[in-house]
Amino acid sequence: MILGSHSLSERKAMKRSAMIHAILVLTVLACPVLVPAAEGQAKHSERRAIWAHPGDAGTSAESVRQFVAQCKRAHMDTIVMLVKGMNGEIYWKSPRFPQTIAKGYESFDLIEHLTREAHAQGIKVEPWLCDFIEGASGAAYREHSEWAQLNPDGGTTLTEKLGPTDPYPYVWMCPARRPGYTDQWLLPMIEEIAANYAVDGIHHDYVRYPGDVAPDSYCFCDYCLKQIPRYALLSFETRPEERYRVRAVQPRIEANWPSYPAILPADWEQRDRREKADFLLNGRTTPGGSPDLRYFFYDYRTRQIETFVREAWERVKRLNPKLELSAAVMMNPIQAGRFIGQKWHTWTPWIDTFMPMSYRSRFQGGFETFLDRLPEITTRQLEWTRREKPLYVGVATTYLYREEWQPLDEIRDRLNELRGLAATDATGRAEKTRALRAVYEAMRERLAEVAPEREREMSALVTAISADGGRGTVPSALNELGDRLAKLRADPPPGYLPPEKLTRAIEAARKAKPDGIVIFFAGSVTREKLWPTLEATFKD
C-alpha cells in the first residue's frame with residue numbers, strides 16, 4: 001500500500017488506526033499471557049519414550065505401579081510395551097487368540113494394568129508388536145505352516161544360519177499372502193487391542209522382510225511366485241498364447257521397454273520354484289539388456305509392507321481416530337527398501353511417529369565416530385521424511401558399551417577354547433592363557449576402581465589359570481571364572497559402565513533437533529544402572 005495515493009482524511013484515519021494498534025500491541029506485551037496446558041501435556045518440547053519388555057513391568061499390579069513410577073522419575077512421556085514377542089507370544093487376555101498368551105500372563109492382563117497406572121501418571125502407552133516374525137513352535141506357524149515365507153528351495157527361515165553355525169530360530173510369515181497371516185492373524189490382533197484397551201497407539205516392529213539372513217531369498221512361496229509377475233505385468237493374462245518380442249526401434253536395447261514384450265518365458269508354468277526365483281532375481285526385461293528383473297522383486301516387497309502399514313492405520317483409525325501409530329525402523333530407508341522391503345520414508349500418511357533404531361551397533365568404528373555420525377544420520381532421516389511426521393532417535397544403552405563388554409566376551413571365548421584343548425597341548429594352552437591374561441589386564445584397572453573386591457577375586461582366578469602356561473589349570477577354575485564373568489555381565493557394579501556415554505549419545509542425537517528420544521530398553525537401563533542418568537539427562 002502506498003501512503004501518497006490516499007486523501008488527507010484517509011491518511012489521518014490511517015495514522016489514528018496505527019496509533020491505536022501500537023497501544024494495543026504494547027498493552028499485550030506488557031501483560032502476561034496465560035495459556036492453559038493440554039491435559040497430560042509435558043512442559044518440555046522434546047518427547048521421551050522408552051521401549052520395555054513385559055518382564056520390566058512384572059506380573060502384579062504393584063510391580064507395574066513401581067515400573068511406571070520409575071518411568072515417571074525419568075521424565076518419560078510414552079512407554080512402548082512389547083505385547084507380541086518374536087516367538088508370537090502375546091501379553092494380553094485375548095478372546096480370539098488364547099492359544100498364544102504367554103505363560104504367566106494367562107490371568108494377568110498387562111495392557112490393562114499398564115494403561116491404568118501410566119495414565120494416572122500422565123504417561124502414554126503404545127503396545128508394541130513384532131509384526132511378521134514368529135516362533136518355530138508358535139501357534140501361528142503350528143496351525144498355518146502355509147503362511148510362512150519360503151526361499152527358492154522351498155524352505156522357511158528355519159533352514160538358515162545365523163553366523164557360521166547357529167541355526168536361525170524364527171519363522172518369518174509372508175506379508176503378501178491373502179488370505180494369510182496378515183489379514184487372518186496380525187491385523188485382527190491389532191484391531192483387538194485398539195477396540196478393547198484404553199491405549200494411546202500401536203507400535204510396529206519387524207515390519208519388514210528377513211534381511212538379517214538371506215535378504216534376497218524371501219519370499220518365493222506359491223502365492224508370491226504368482227503375484228510378483230502379475231504385480232509388474234511381466235506378461236498379459238489376456239490372450240497369453242500371443243507372444244511378442246521387443247520392438248527394436250531405439251538403438252539402446254533397454255530404451256525399447258515401452259513395447260511391452262512377453263517377459264515371462266513361454267515355459268514359465270513348467271519351471272520349478274528355484275528356476276522361477278532365479279529368473280525373477282537375475283532375468284532380463286529385454287534380451288541382451290542388463291539383468292534388471294530383481295528391481296520388480298524389490299518393488300513388490302516394499303509394496304507389500306507399505307500395504308500392511310496402510311491397512312493397519314485404516315483399521316485402527318476406524319476404531320479410534322485418536323490412536324496413533326508408530327514404528328521402529330532401520331536407520332536408512334533407502335537401503336532398507338532394497339534389503340528388507342522397509343522403505344519407511346514413504347509411510348508418512350500412515351505412521352504418526354517414526355523411531356529409527358540408530359543404535360551404536362549399526363555403526364562401525366569407535367565411540368567418538370558414533371557420536372560424530374549420529375547427528376548426520378538423524379539429519380538425513382529428517383530430510384527423507386521431510387519432517388512430515390515426528391521422528392524420535394532410538395538410542396540403545398547396551399550397544400554404547402562395546403569397549404566395556406568386549407573384554408568379558410573375549411575372556412569367555414578364551415575359556416571355551418581352553419576347555420576344548422587336550423591337557424597335553426602345552427603350546428595351545430600357553431597361547432590361550434597369555435591371551436586371556438592380556439584381555440583381563442585391559443579391563444582390570446576399571447574393575448579395581450569400581451569393585452576392588454570383585455577384581456581381587458577375578459585376578460586370583462586369572463593368575464591360577466595362567467600359571468605355568470596353563471598346564472595345571474583344572475576345569476573347576478575355568479568354570480568359576482566363567483561364572484564370575486556371567487555375573488559381572490548380568491549385574492555390573494555401579495560405575496563400571498560409564499554413565500556419561502549415555503549422556504553424550506543423547507546430546508549427539510539432539511544436535512540434529514529431532515522431535516524426541518526413545519531409549520532401548522528398560523531392562524538394560526535397569527541392569528546397567530542408568531536410570532539416574534536418564535533422570536538427570538531428561539530433567540526439564
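The values are calculated or read from the model by the stated rules, or taken from the named source; none is laboratory data. The shown structure was predicted, so the numbers you read here are calculated from the model rather than taken from an experiment. Here the Cβ is made from the backbone with ideal geometry for all residues, glycine too, and neighbour counts use every protein chain on show.
Structure summary
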item	result
Near pairs, Cβ below 7 angstrom, 6+ apart or cross-chain, from region 253-272 (over 23 Å from PRO152 (Cβ atoms) and assigned by TED's automatic domain parsing to the domain that holds GLU241) to any residue that is charged (D, E, K, R) and exposed (fewer than 12 other Cβ atoms within 10 Å of the Cβ)	ASN256/ARG247; SER259/ARG247; PRO261/ARG245
Residues that are in contact with a Ser or Thr (Cβ under 9 Å, 6 or more places away or on another chain) and of a type outside the set (A, V, I, L, M), drawn from region 132-146	PHE132, GLY138, TYR141, SER145
Test: residue in region 86-99 that is under 17 Å from ASP205 (Cβ atoms), surrounded by fewer than 21 Cβ atoms within 10 Å (Cβ to Cβ) and not polar (S, T, N, Q)	yes
Filter result for THR379 (farther than 23 Å from ILE79 by Cβ, surrounded by fewer than 18 Cβ atoms within 10 Å (Cβ to Cβ), at pLDDT 95 or above and polar (S, T, N, Q))	yes
Residue match in region 396-410 (condition: within 13 Å of VAL462 (Cβ to Cβ), aliphatic (A, V, I, L, M) and in contact (Cβ under 8 Å) with a residue 12 or more places away in the chain)	yes
Among residues of region 482-511, those that are under 20 Å from MET355 (Cβ atoms), among the hydrophobic types (A, V, I, L, M, F, W, C) and over 20 Å from the mean Cα position of the chain (by Cα), counted	0
Residues being touching a Pro at 6+ places or on another chain (Cβ under 9 Å) and exposed (fewer than 14 other Cβ atoms within 10 Å of the Cβ) - total across region 145-172	2
Residue in region 417-428 that is buried (at least 18 other Cβ atoms within 10 Å of the Cβ) and either closer than 17 Å to LYS487 by Cβ or polar (S, T, N, Q) (or both) present	no
Residue that is farthest from TYR197 (Cα to Cα) [pool: residues in region 284-305 that are surrounded by 19 or more Cβ atoms within 10 Å (Cβ to Cβ) and over 32 Å from the mean Cα position of the chain (by Cα)]	THR286
Filter result for THR379 (over 18 Å from the mean Cα position of the chain (by Cα), polar (S, T, N, Q) and not assigned by TED's automatic domain parsing to the domain that holds ALA508)	no
Filter pass, PHE308 being modelled with pLDDT of 95 or more, over 15 Å from the mean Cα position of the chain (by Cα), in the same structural domain as TYR206 (by TED's automatic domain parsing) and crowded, with 20+ Cβ neighbours inside 10 Å	yes
Top-ranked residue in region 122-139 [being outside any loop (DSSP other than H, G, I, E, B) and either in contact with a Phe, Trp or Tyr (Cβ under 6 Å, 6 or more places away or on another chain) or of a type in the set (Lys, Arg) (or both); ranked as farthest from ILE101 (Cα to Cα)]	LYS124
Residues within region 140-186 that are closer than 19 Å to ILE340 by Cβ, outside any loop (DSSP other than H, G, I, E, B) and among the basic types (Lys, Arg), tallied	1
Residue among TYR209, TYR231 that is in contact with a Lys or Arg (Cβ under 6 Å, 6 or more places away or on another chain) and under 28 Å from LEU325 (Cα atoms)	TYR209
Residue list for region 101-119, restricted to those being among the aliphatic types (A, V, I, L, M) and without any contact (Cβ under 8 Å) to a residue 40 or more places away in the chain	ILE101
Residue check, ALA214 in a loop (DSSP other than H, G, I, E, B) and touching a residue at least 60 places away in the same chain (Cβ under 8 Å)	yes
Failed item, numbered, when SER361 is tested on (1) surrounded by 15 or more Cβ atoms within 10 Å (Cβ to Cβ); (2) touching a Phe, Trp or Tyr at 6+ places or on another chain (Cβ under 7 Å)	(1)
Of residues in region 216-248 being among the β-branched types (Val, Ile, Thr) and farther than 30 Å from ILE340 by Cβ, the one surrounded by the most Cβ atoms within 10 Å (Cβ to Cβ)	VAL246
Residue among THR348, THR378, THR369 that alone is of a type in the set (Val, Ile, Thr), on the phi < 0 side of the Ramachandran plot and free of Cβ contacts under 8 Å to residues at least 12 places away in the same chain	THR369
Residue in region 194-202 that is among the β-branched types (Val, Ile, Thr), farther than 23 Å from GLN335 by Cα and free of Cβ contacts under 8 Å to residues at least 24 places away in the same chain present	no
Long-range neighbours under 8 Å by Cβ, at least six apart or interchain, first residue under 13 Å from ARG454 (Cβ atoms) within region 476-505, second among the aliphatic types (A, V, I, L, M) and not in a helix (DSSP H, G or I)	PRO493/ALA451; TYR496/ALA451
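Quick grid of which residues meet (1) at pLDDT below 95; (2) buried (at least 16 other Cβ atoms within 10 Å of the Cβ); (3) assigned to a helix (DSSP H, G or I):
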{"position": "LEU34", "(1), (2), (3)": "yes, no, no"}
{"position": "GLY40", "(1), (2), (3)": "yes, no, no"}
{"position": "HIS44", "(1), (2), (3)": "yes, no, no"}
{"position": "GLY55", "(1), (2), (3)": "no, no, yes"}
{"position": "PHE67", "(1), (2), (3)": "no, yes, yes"}
{"position": "CYS71", "(1), (2), (3)": "no, yes, yes"}
{"position": "HIS75", "(1), (2), (3)": "no, yes, no"}
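Every residue, every condition in (1) at pLDDT 95 or above; (2) in contact with an Asp or Glu (Cβ under 9 Å, 6 or more places away or on another chain), yes or no:
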| residue | (1), (2) |
| --- | --- |
| ASP166 | no, no |
| THR182 | yes, yes |
| PRO188 | yes, no |
| ILE202 | yes, yes |
| TYR206 | yes, yes |
| PRO240 | no, no |
| TYR244 | no, no |
